Structure formats: C-alpha cells, structure tokens
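None of the figures in this text is laboratory data; all of them are computed from the coordinates on show. What you see is a predicted model, and the numbers here were worked out from it, not measured in a lab. For neighbour counting, all protein chains shown are included, and Cβ atoms are generated from backbone atoms with ideal geometry for every residue, glycine included.
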Amino acid sequence: MKRKFINGLNWDFLDVYSCKCIHIDDIFKGYISLIKINKVKQKITVDYEQSDLCLLDDGYKCLMFLPDDEKWCVSAVYDTSDKIVEWYFDITKENSIDEHGNPFYDDLYLDIAVSPEFKIAILDEDELKEALESGIITKGDYDMAYNTCNKIIKDIIPNKDFLISFFNKYLINLEN
C-alpha cells in the first residue's frame, strides 16, 4: 500500500511545480490542494477505451480533495485551458496528516476514473485482489474498498454540483 500526499511531495513525475493546500468546511470537510504543474519529467498518458488521454503535462493543474472521515480522495485534472481532463477517485484505507502537517492518504488500490462526459471506469481491481491474496490487505479492507467504490458511483459521481461547481470554485479560490 502506498502513502500519497496531496501536495505533490512524492510525485516522481513532477519537475517544477507549486502547491497551495488548505482545510475547508464545505459540502465536505477536508483538505484541498491546487498543484500547478510548470514542468513534468515525463508526460502522463493513459489508454481508456482505445484512446490515449494525456493526464498530466506542462501547464496542467490538479486539484486534490481529501475529505475528513471518508475512505476516498478525488483529483480533478485540468489542461492548459482550465478544461477538465478527468476526475480520479482513489479508494483509501486512511486519510490523515503526517507529523509535518502534510495531508496524505494510504491508497487501497481500487480507483475510479470519470471523464468530462461522466463515463465511469473502475480501475485496478486486479491489484486489489492481488493485495488480498498476498496478505497486504485484509478481507475487511477488500470489502470496504468495494463498498466505498459503490457509494462513490451511486452518491458522489451523480452529484454534478460537487464535481463541477465545487472544483471550479476552488480552482479559482486557490489560484488567487
């Protein structure tokens, strides 16, 4: 299981970037960060449904929201024109802050990618199953990951006000 920070601390592909991170009390309470990517070491692309999608490149922005008391984290990726590229949900075992005040989550393998057209792709089910079989996670963790995934698909993704308005609001607020 990987510990990931929402301020870009352990993102190997970043070369030059800036980050602003705050705690908010909005639709959800939690930490939100804006990572402005000036330069990447390598462009990040993915292949969903037989089409290459550039996820991160020079000039892109990534808003990450880590809610308190939930088992997920969501990233909203924007291109150089501030158009949404993708929302990406990581299912998490724990959301917290470290001893230096850096918000983080422990990634529980299962992910959900949501396109600007609200098409949903569940990702890394094989990694979750492998982690269970190798004893890295428990059956309880495995079940919780799928329960959280189903909750996100049923309750969070259909809330377009959250995905669009919430993230657009913080994109503007954190840029200033």
- Message: Being in a strand (DSSP E or B) and surrounded by fewer than 22 Cβ atoms within 10 Å (Cβ to Cβ) is the filter here; which residues of segment 60-73 pass it?
- Response: 61, 67
- residue 85 fails exactly one of (1) within 26 Å of residue 150 (Cβ to Cβ); (2) among the aliphatic types (A, V, I, L, M); (3) over 15 Å from the mean Cα position of the chain (by Cα), namely (3)
- Task: For residue 156, work out the one condition from (1) under 17 Å from the mean Cα position of the chain (by Cα); (2) exposed (fewer than 15 other Cβ atoms within 10 Å of the Cβ); (3) not acidic (Asp, Glu) it doesn't fulfil.
- Result: (2)
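To keep it simple, each residue is scored yes or no on (1) in a strand (DSSP E or B); (2) of a type in the set (Asp, Glu); (3) at positive phi; (4) touching a residue at least 12 places away in the same chain (Cβ under 8 Å).
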residue: 4; (1), (2), (3), (4): yes, no, no, yes
residue: 42; (1), (2), (3), (4): no, no, no, yes
residue: 58; (1), (2), (3), (4): no, yes, no, yes
residue: 75; (1), (2), (3), (4): yes, no, no, yes
residue: 87; (1), (2), (3), (4): yes, no, no, yes
- Task: Could you grab the pairs with beta carbons closer than 8 Å, sequence gap of 6+ or different chains, first residue in segment 157-176 and basic (Lys, Arg), second one surrounded by fewer than 18 Cβ atoms within 10 Å (Cβ to Cβ)?
- Result: 160/118
- Query: Consider residue 117 against the criteria (1) under 11 Å from the mean Cα position of the chain (by Cα); (2) without any contact (Cβ under 8 Å) to a residue 12 or more places away in the chain: it satisfies all of them except one. Which criterion is unmet?
  - Reply: (1)
